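Here, each number is a calculation from the coordinates, and none is a lab measurement. Since the structure is predicted, the reported quantities are computational estimates derived from the model, not experimental observations. In this analysis, Cβ positions are derived from the backbone assuming ideal geometry, glycine residues included, and neighbour counts consider all displayed protein chains.
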Ligand code: DX5
Ligand code: ZN
């Protein structure tokens, strides 16, 4: 089933609780939380204390996307803060297999992320280990950027590999997803769709999520 994951990066940080409440009753099950360190990406967002506060006000699953150097050093902090799933960048991990296992060892789902410039084959050896794969469809660091079209081909390639290897990990996509390109994204094989600006910059975020869910439902129906 295709899921829409609102990304809080585009929300009003002064009113995070209200922003979450606006999208909570749309049938979503996960929130996407973008952690940036100002080193792996040229921007700084928030860390474990903010996630801990979010954990207190929602029962949604918290999907934490770590855009940081040396993620191993902080996994336990994010687990303690309440993350349900944690994704790390292939480009930031010297021992990727170990880092994924470390996250799973803490009882959380482990995701592997690749940037637009990284080929899918770079993560081939961990596809049977990862619980999900995140394809960045913008260069990470900022919300509101334009979708890198080539990501659709990468999604199709990864979907093909998934079938060939008889694996079932969800393919997540993050960056520049809009009401316009969502159907293509779903048809390319993506299952977890992250949406920041398209949700929180919309006049009615709940309506935006519902529209996206409907587009995704139709795109999947056509595929069958
Ligand atoms: C970008 C983040 C994204 C961001 C997406 O580095 O990883 O999760 O919030 O925002 P939009 O949907 O606005 O491109
Ligand atoms: Zn993200």
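Restricting to Cα pairs below 8 Å that are 6+ residues apart, what does the relative contact order work out to for the range 1-96? Please round to a whole percent.
Taking the mean separation of contacting Cα pairs over the length of the range 1-96, I get 26 percent.
With each run of n ≥ 4 DSSP H residues scored as -39500 (n - 2.57), what mean residue ellipticity at 222 nm is computed for the chain after dividing by its residue count and rounding to the nearest 500 deg cm²/dmol?
-10500 deg cm²/dmol
Using Cα-Cα distances under 8 Å and only pairs 6 or more residues apart, what relative contact order does the chain have, in percent?
Relative CO of the chain lands at 21 percent.
Need one number: nm distance between label points at residue 43 and residue 160, each 7 Å from Cα along Cα→Cβ, rounded to one decimal.
3.2
At a Förster distance of 35 Å, what's the computed FRET efficiency of residue 118 paired with residue 214, Cβ-Cβ distance as r, to 0.05?
Efficiency at R0 = 35 Å is approximately 0.65.
What is the gain in length, in nm to one decimal, between residue 101 and residue 207 on full extension, counting 0.36 nm per residue of separation less the C-alpha to C-alpha distance?
34.4 nm
Can you give me the relative contact order of the range 124-178 as a percent, contacts being Cα pairs under 8 Å and 6 or more apart?
53
Which of the three applies to the range 22-173, rounded, prolate or oblate, going by the alpha-carbon gyration tensor with a ≥ b ≥ c and a/c under 1.5 meaning rounded?
Rounded.
Measure off 7 Å from each Cα along the Cα-to-Cβ vector at residue 149 and residue 129, then give the distance between these two points in nanometres to one decimal.
If labels sit at residue 149 and residue 129, their model points lie 3.6 nm apart.
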